[in-house]
Each structure stands twice: as structure tokens, then as C-alpha cells.
Amino acid sequence: MTDAPTPGRQARAGEGSPLIGVPELAELLRLPGPPTLLDVRWRLGGPPGMADYRRGHLPGAVFIDLDRDLAGPPGPAGRHPLPAPEAFQAAMRAAGVSGGRPVVVYDEADSTAAARAWWTLRYFGHPDVRVLDGGYRAWTAAGHEVTTAVPSPAPGDFTARPGGMPVLDAAGAAALAENGVLLDARAPERYRGEVEPIDPVAGHIPGAVSAPTFGNVGPDGRFLPARRLRERFAALGVTGAAEVGAYCGSGVTAAHEVLALTLAGIPAALYVGSWSNWVADPANPVATGEG
């Protein structure tokens, strides 16, 4: 049971787990100085998440566009490369994000887009970011209030300082696939090269291990318990004896993999450019099939 709110108590998202549950968030939102809420609903290929946001969102939540605010322009660096620090800082300040105030991010349910927001904020130095486990769907299933009112947050003072999370480039990903564990977070058929609906070349980085992100969550979109995540990653060769990294198509679902690894107590690097960056260089080798 959680403590009842007390007058003057400052809401804090807290330290420890990068996740927050619906009951804890509901309590924090009743306290003075609640966390900054960011709605990051997004689907690969659309429709834009803003439409969902306008139909209803958590009270006080500000919409963040993943393509515009959490990534730079697409190109050889990938479909969702890192945003420029000054652009990211401006977007977060406009959303009311401050360095000394906790941030809670959410998406529709499975935390795929929210994990990219969590990772990007942590990479650029925000110390207190959590993901709403189960997202908007879990919030509404619990009977909590939603609104169509769009807030006008006071500008935040967040300062973007790159380097808060480990990253890989193409050379680093290749080395990790050979000497560590490089997890491919895409669907198995994309890993095997049977289909490739987005990028111009099908297949995977040689030596990478297929680890689709849907295996990190249950049917309700909530993350599996840490013990089960550790068991899952151990079965994929993540034993603690080698460095770990993750990639996907463009660095979005791979951020979800990094979040799941974090929940399991395993540090991991993100190949932000991911497959879309890898295949931009025809000199990079491509593997197909199971191995």
C-alpha cells in the first residue's frame, strides 16, 4: 500500500527501476510538483500519434513526435539518427522538461516508442526518467481520467549533455557481434532476411542474435518480471561474461531492448543507426537465415 499524499510533499518519480506503474503515477499526479508527462504514441509507418493524443491523453501530458523530436533527419546515419543536442534541448524545453523535475513517458501499451524517449532523455543527461508500464492502455483500463485538453507548459530548463548512455557505430556493432553479444530486436522474419518492408536490403549483421522485442513483454504490453527477462537473455547468450549491444531497423525498438536489459540488470549499448545505417554502406556484410 502506498502512503497517502501529504500537504507540501514534493512528487518524485524516484530512483531505481526505470519503470513506473499506474498506481504510483496516479499518486504522484495528485501531489504538488508532479512529474512532467510526455505522450510518445507512435506507429512505424503511421498514422501519426498526434491523432491518438487529440482523442484523449493523460491529464497534463504533452505530445512528443518521435520522428521530429527524438531523432534527426533521416539519411546515411539511419532513419532515426540521434537528434542534434540543440534541437533536442529546444524540443524538451518547449514540452516543459527541466533537469530537476522527474519525467514520465508513455505510449499506447508496449513501451516501444516510450523506450526511445526514455533512452534519448537519458543519453542527453536527464537524471530521472521513467516509462509508464503498460502505457495509455493500462491507465485507461484502471479507470483513470483522460482528457482532450492540451496543456501549455511553462518552458523547461533542460540542458542536453550527450553521452549519458553507451552507443555503438557500425564498426562497434561489428566488433560486438564478433566478440560480445549483439541482439537484433526486429521481427524474426526480418532478421532471417525473408522480408524487409522498410530498408533496401534484407538480412542481419553477421554474428548478431535474433531477440525480437515482443519477447520482452506480456500480452498486456507490460514488461516481464526481471527474473524472466534475465532468463530470456541468458538463453540468448547474455551471461554477463561479454559486452552487450542491441540494434533494430532504426534504433527505436532496440531502445526497448536496452530498457529490458536494464530491467534485467544488464548494461547494454545502442546502435542508434541500426540496420538502416548498416546497409547504407555496401561494404558492410549481410547475413541471412538463422545464423
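Compute the acute angle (0 to 90°) between the alpha-carbon long axis of helix 226-235 and the principal axis of greatest extent of the alpha-carbon atoms of the chain; round to the nearest 10°.
That helix lies at roughly 10 degrees to the long axis.
Under the classification rounded if a/c is under 1.5, otherwise prolate if a/b is larger than b/c and oblate if not, where does segment 167-278 fall, given a ≥ b ≥ c as square roots of the Cα gyration tensor eigenvalues?
Note, shape of segment 167-278 comes out oblate.
Quick check: net charge around GLY172, other residues with Cβ under 12 Å of its Cβ, Lys/Arg +1 and Asp/Glu -1?
Charge balance in the 12 Å sphere: -3.
Pairs of alpha-carbon atoms within less than 8 angstrom and 6+ residues apart define the contacts here; what relative contact order does the chain have, in percent?
Worked out over the chain, it gives 20 percent.
Kindly rank 240-250, 218-228 from highest to lowest mean number of other beta carbons found within 10 Å of each residue.
Final packing ranking: 240-250, 218-228.
From the Cα gyration tensor of segment 19-141, with a ≥ b ≥ c the square roots of its eigenvalues, which class applies: rounded if a/c is under 1.5, or else prolate if a/b is larger than b/c, or else oblate?
Oblate, because a/c is 1.5 or more while a/b does not exceed b/c.
Going by C-beta contacts inside 10 Å, put ARG54, ARG190, ARG230, ARG43 in order with the fewest on the left.
Final ranking by Cβ density, sparse to dense: ARG54, ARG43, ARG230, ARG190.
Compute the angle between helix 85-94 and the longest alpha-carbon principal axis of the chain, please, reported from 0 to 90 degrees and rounded to the nearest 10.
30 degrees
With each pseudo-label sitting 7 Å past Cα toward Cβ, what's the ARG43-GLU196 distance in nm, one decimal?
So the two model labels end up 2.5 nm from each other.
Consider the candidate values (i) 0.94; (ii) 0.97; (iii) 1.09; state which one is Rg/Rh (Cα atoms, Kirkwood Rh) computed from the structure displayed.
(ii)
Read-outs throughout are calculated quantities, based only on the coordinates presented, and are distinct from any laboratory measurement. Quantities reported herein were computed from a predicted structural model and do not represent experimental measurements. Every residue, glycine as well, gets a Cβ built from its backbone with ideal geometry; the counts of neighbours run over all protein chains shown.
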